[in-house]
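Below is one structure, written out as structure tokens; comments come after it.
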Amino acid sequence: MPVDSSLVGRAYPASRPYTVTDERVRAFAEATGGTWAGGPLPATFPIVLAFDAMNDFLDAEGVALHRIVHGEQKFAYARPVAVGDTLSATLTVAGLRQIGGNDIITTSSEIVDAEGALVCTATATLVHRAPAEGEQA
């Protein structure tokens, strides 16, 4: 079943606050095949928050994660993320189109600090796969 096009422009509630710690950054770096011993955080670290916001969106709309293929990810920084930051992400559906029975969903997640100042915007393209003939949605 296609995703409802009226979702374009809809913003979802902010994700739960997430405090950036040395341990969380180290675990992220290891999970992505790297190491981290301090200094600047990996540039893709905000995906942790964007992924939480995306899961909240998928749950709210009843879209099964196993039908999603991650197509593209971009990050635009207002300032670097730092250990000690407490961050949250608010996802907005920025675009939606259908190609070959699949939904191409563009999301934008604004990641802000505890004071509400913009830290980073994470933009993603998600492909919501249509069920194959005879497959249950």
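The values are calculated or read from the model by the stated rules, or taken from the named source; none is laboratory data. Small disclaimer: the values here were computed from a predicted structure and weren't measured. In this analysis, Cβ positions are derived from the backbone assuming ideal geometry, glycine residues included, and neighbour counts consider all displayed protein chains.
Scanning the range 82-109 for residues that are surrounded by 21 or more Cβ atoms within 10 Å (Cβ to Cβ) and of a type outside the set (S, T, N, Q), which turns out modelled with the lowest pLDDT? Among those that are surrounded by 21 or more Cβ atoms within 10 Å (Cβ to Cβ) and of a type outside the set (S, T, N, Q), it is ASP103. Scanning the range 37-57 for residues that are surrounded by 18 or more Cβ atoms within 10 Å (Cβ to Cβ) and farther than 15 Å from ILE111 by Cβ yields a total of 0.
Quick check on VAL63: is it more than 19 Å from LEU7 (Cα to Cα) and of a type in the set (A, V, I, L, M)? Answer is no for this residue. One residue stands out in the range 1-33 among those that are assigned to a loop (DSSP other than H, G, I, E, B) and either more than 18 Å from the chain's Cα centre (by Cα) or more than 18 Å from MET54 (Cα to Cα) (or both): the one that is modelled with the lowest pLDDT, namely MET1.
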